[in-house]
Amino acid sequence: MVFFFAIFFGFVAPTPDQTPNRFFNALDGQALLTGWYICEDAGFAHPDQVPEDQWIPLETYLAAPHRGQGVWWLQTRLELDDRLAGNRILSLCPEGLASATEVYWDGHLLSSNGTVGAERTAERVGRFYEPVPIDPALVKPGSHTVAIHISNHHNRHFWNDAQIMFGRYDDLMKGIGIWQVRVYFLVGLLFVTLILNTWLFFHSRHERVYLFVGLVCTILAGRLLLENIWVFDTLDTTYYDVQNAWRQHATFLAGYAVATLLLFHFQMSRWGALALFVLFGSLYAFRPPGDAAAYLGVAGFAMCGRAWALRKSGAIVLAAVLALGIATLLLPIRAGIDPLSWLGSWIVLGFNYALAKRFADKERERQDALLRSARLENQLLKSSIKPHFLMNALTSIVAWMRRDPETAADLVQALADEYRTISEIADRKTIPLAQELELCRSHLQIMSLRKDAVFRLEAPEVPACEDIPPLVLHTLVENGLTHGYEHRREGRFRFELETTARGMRYRLFNDGDVEATRAGSGTGMKYVRARLRESYGENWNLVSGPGQDGWETTFEIYRDPAPAALELGAPSPLTRRS
């Protein structure tokens, strides 16, 4: 994706070249005219009427206190080689001059963009940019004078970081088209990411990370369109001040949103969000919008460095994506796209990579879970037909048939019920909790009859909608009987169910021998953990150990886990397991 991203922008077109106003040999692409002089209009109707001593350098005029509304003359000179003169149609293209302009070439009026007026009522605003072809008969070798008559009564300032481009007419038009393509491409990338994350939000467990990524894409795309709104239509400059004001608001929002997305990804302190707000708030209040990319770069690298120090996954990869975006700011592939939109798009590209990797990891986990499920099912069936268990059960049946046929019949019926239930649930991922408890009682009844003992299970009424992986509690009960009651003829199991803020907590207690249970609780617990991981992924927690007067096993199922960060590295568990 990164390769395509760079190749696409690299081969669409060359970048406008900023050169002095002396053009020799071939003029490829566009050139930015420099060396401008300015004069405040004192009723001069033509550039030739302006006295030479009235012209002052534009940079000097703009650096000193000056008026933002009124009428001005701009002038510069350029020199053409004879190989350029008459070589295809040349043109001028003023961009960002407000509100109306007239363009002159050697004193000849080439074009009027709006109507220049001495006061607001006489002025008619022009368009933001207006390519002006130059009559080939006027293009001759030697020195030429370019003059622009400007009036501004509808906006706060006439200059607005304006630039006047010079070059072949078809190259200027091609440059505008390429500018549009680049903007379309980035907006399309952001829009597709927005749609994808919105869909994921509504079709997942409403994880907020998807909604936040979509919001960031919306802000970036909106700002990019606002920044380049004049590219999509030849709008006039009536609302140029409004566009500039909203551009400043959108710059603050975009910079803060992208930086906060990085903070959200690395799951850092909320104080970091406050620090970012202060940082970009100072940009909004005291610095020009163009500094937003620098602020974002510094904040991004600071967070990546902090995340790396804390051993957060993806810090190095994201820092590399950020560095690559900053490096390409200096290359021709960015021409026409402002630095903040460019850098923000690279970061979104990094999150797209993270999203793709996350889906690939989930698919691999799903395949592993299917394989593990098949193995567990086979293990379940094998463990439920243990030869020594059957042999002991049959021996007990023979013994009871001699002593008490009625008890022998009960043992046969309990054994049949247990195996029938196990065969029914073997291929299911979860079963009702009530059915699992009934299976545990059936097993306790069998063991009671076998050992001529009394084993009982105390459990509250459970909701009919509550499910659990099959044989999880059954395995814990069987494990407790095997190791905790080897030489005892009475035992008590107690099951408790508790609702927590994030899900459900299951607790099973038995009053068996603690040391014997500790020594022999390996294989059964492996099966329980495998079942929980298969059904709930990483959204569970299991603790098993000595309790008060017995052995206690507690496991929690998180129905509403904390939102996962989009990972750019190895997946990190959401919960801690023991």
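Tabulated values for the structure
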quantity	calculated
Test: Asp417 is in contact (Cβ under 8 Å) with a residue 24 or more places away in the chain, in a loop (DSSP other than H, G, I, E, B), over 19 Å from Phe555 (Cβ atoms) and in contact with a helix residue (DSSP H, G or I) (Cβ under 8 Å, 6 or more places away or on another chain)	no
Phe232 being surrounded by 19 or more Cβ atoms within 10 Å (Cβ to Cβ), at pLDDT below 75 and at negative phi	no
Residue in segment 518-535 that is at pLDDT 65 or above and closer than 20 Å to Arg208 by Cα present	no
Scan of segment 485-516 for residues that are part of a helix (DSSP H, G or I) and farther than 12 Å from Glu552 by Cα, ordered by number	Glu515, Ala516
For Gln49: the one exception among (1) modelled with pLDDT of 90 or more; (2) surrounded by 15 or more Cβ atoms within 10 Å (Cβ to Cβ)	(2)
Hey, Ser151 among the hydroxyl-bearing types (Ser, Thr, Tyr) and either over 30 Å from Thr238 (Cβ atoms) or touching a residue at least 40 places away in the same chain (Cβ under 8 Å) (or both) or not	yes
Cβ-Cβ under 6 Å pairs, at least 6 apart or on other chains, segment 181-207 side free of Cβ contacts under 8 Å to residues at least 60 places away in the same chain, far side open to solvent by 40 Å² or more (accessible area, probe 1.4 Å) and assigned to a helix (DSSP H, G or I)	Leu194/Thr218; Phe201/Leu211
Residue among Leu220, Leu226, Leu215 that alone is assigned to a helix (DSSP H, G or I), at pLDDT 75 or above and crowded, with 20+ Cβ neighbours inside 10 Å	Leu220
Extreme residue, modelled with the lowest pLDDT, among residues of segment 441-468 that are among the hydrophobic types (A, V, I, L, M, F, W, C) and within 16 Å of Tyr485 (Cα to Cα)	Leu449
Residue match in segment 427-441 (condition: farther than 24 Å from Tyr558 by Cβ and outside any helix (DSSP H, G or I))	yes
Total residues in segment 59-73, condition touching a residue at least 24 places away in the same chain (Cβ under 8 Å) and farther than 17 Å from Asn155 by Cβ	1
Verdict on Pro131 being under 51 Å from the mean Cα position of the chain (by Cα), open to solvent by less than 30 Å² (accessible area, probe 1.4 Å) and without any contact (Cβ under 8 Å) to a residue 60 or more places away in the chain	yes
Complete set of residues in segment 427-450 that are buried (at least 16 other Cβ atoms within 10 Å of the Cβ) and touching a residue at least 40 places away in the same chain (Cβ under 8 Å)	Thr430, Leu433, Leu437, Cys440, Leu444, Ile446, Leu449, Arg450
Per-region count, segment 189-212, residues in a helix (DSSP H, G or I) and open to solvent by 30 Å² or more (accessible area, probe 1.4 Å)	12
Members of segment 28-70 that are over 48 Å from the mean Cα position of the chain (by Cα), under 18 Å from Val116 (Cβ atoms) and assigned to a strand (DSSP E or B)	Cys39, Glu40
When residues of segment 526-541 are limited to those that are in contact with a strand residue (DSSP E or B) (Cβ under 9 Å, 6 or more places away or on another chain) and among the aliphatic types (A, V, I, L, M), the one nearest to Leu473 (Cα to Cα)	Val528
Count of segment 356-384 residues which are at pLDDT 75 or above and either aliphatic (A, V, I, L, M) or not in a helix (DSSP H, G or I) (or both)	2
Only listed residue being surrounded by fewer than 16 Cβ atoms within 10 Å (Cβ to Cβ) and in contact (Cβ under 8 Å) with a residue 60 or more places away in the chain, chosen from Thr76, Thr145	Thr145
Test: residue in segment 396-414 that is in contact with a strand residue (DSSP E or B) (Cβ under 8 Å, 6 or more places away or on another chain) and open to solvent by less than 20 Å² (accessible area, probe 1.4 Å)	no
Qualifying strands (runs of 3 or more DSSP E) (wholly inside segment 99-186; at least 3 residues being at pLDDT below 90)	163-168
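The values are calculated or read from the model by the stated rules, or taken from the named source; none is laboratory data. Just so we're clear, the structure is a prediction, and the values are computed from it rather than from any experiment. A quick note on method: Cβ atoms are made from the backbone with ideal geometry, for glycine too, and the neighbour counts reach across all protein chains shown. Heavy atoms of the whole protein, side chains included, go into the accessibility calculation; ligands, DNA and RNA do not. Shrake-Rupley method; radii C 1.70, N 1.55, O 1.52, S 1.80 Å.
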